[in-house]
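Asker: Have a look at the structure that comes next, please.
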Amino acid sequence: MNILKELELPYQCRTSKSSVYGFWVAHQEGELEFCAEYQRSYVWTHKEQQAMLHTFLSRLPMQMISLTTSSKAKKYMIIVDGKQRLTTLIMFLENKIPFLHKGKEIFWRDIDKTTQRILTKQSLPSIELYCHDGSDVSIEAQIHYFMRINFTGVPQSKEHQKYLESLIESK
């Protein structure tokens, strides 16, 4: 039995060292798609937002953002995993939410330009899903990846898992 052949996926993954700035520019240019049909809506509360912003402002390593490119979608890059993190980061960079520090609200505009440059150069590693033949990664493959990432360890809600399974069945 060749376990590698039996478990071979229709897509591959490669990592890259993207920066916060790179994702922010892609967002500003309308290249990011956050609303793939398998994604839940933005659900992070103040608590999760603050934890993520603390990680960012402390310059701790941030979790990877998974994406795939599309030749057919209106937007070039589809966020497969990391919507909550990336949305929170963009909301902060656009001064829509503050970081609370010692009881004081700190917005992005309150941070000096030199520090802003340091922070936006920070690495935001990504994983790109791709097909060797250059074709788009299928929606089924994106869901497969999303489920493997999000339903091992501490899972998302059972309702969301059932929704994803129904999406696969309907394709």
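Asker: In the range 11-33, what count of residues is obtained for those that are part of a loop (DSSP other than H, G, I, E, B), exposed (fewer than 13 other Cβ atoms within 10 Å of the Cβ) and in contact (Cβ under 8 Å) with a residue 40 or more places away in the chain?
Answerer: Matching residues across the range 11-33 total 2.
Asker: Let me ask something additional. Restricting attention to strands (runs of 3 or more DSSP E) lying wholly within the range 80-158, give those where 1 or more residues are free of Cβ contacts under 8 Å to residues at least 24 places away in the same chain, surrounded by 15 or more Cβ atoms within 10 Å (Cβ to Cβ) and out of contact with any Asp or Glu (no Cβ under 6 Å at 6 or more places or on another chain).
Answerer: Result: 104-106.
Asker: Given Phe34, Phe56, Phe92, which one is closer than 30 Å to Ile168 by Cα and out of contact with any His (no Cβ under 8 Å at 6 or more places or on another chain)?
Answerer: Phe34
Asker: When the range 49-58 is examined, which residues are found to be modelled with pLDDT of 95 or more and surrounded by fewer than 14 Cβ atoms within 10 Å (Cβ to Cβ)?
Answerer: The answer is His54, Ser58.
The values are calculated or read from the model by the stated rules, or taken from the named source; none is laboratory data. Since the model is a prediction, treat every value here as computed from it, not as a measurement. Virtual Cβ from ideal backbone geometry, glycine too; neighbours counted across all protein chains shown.
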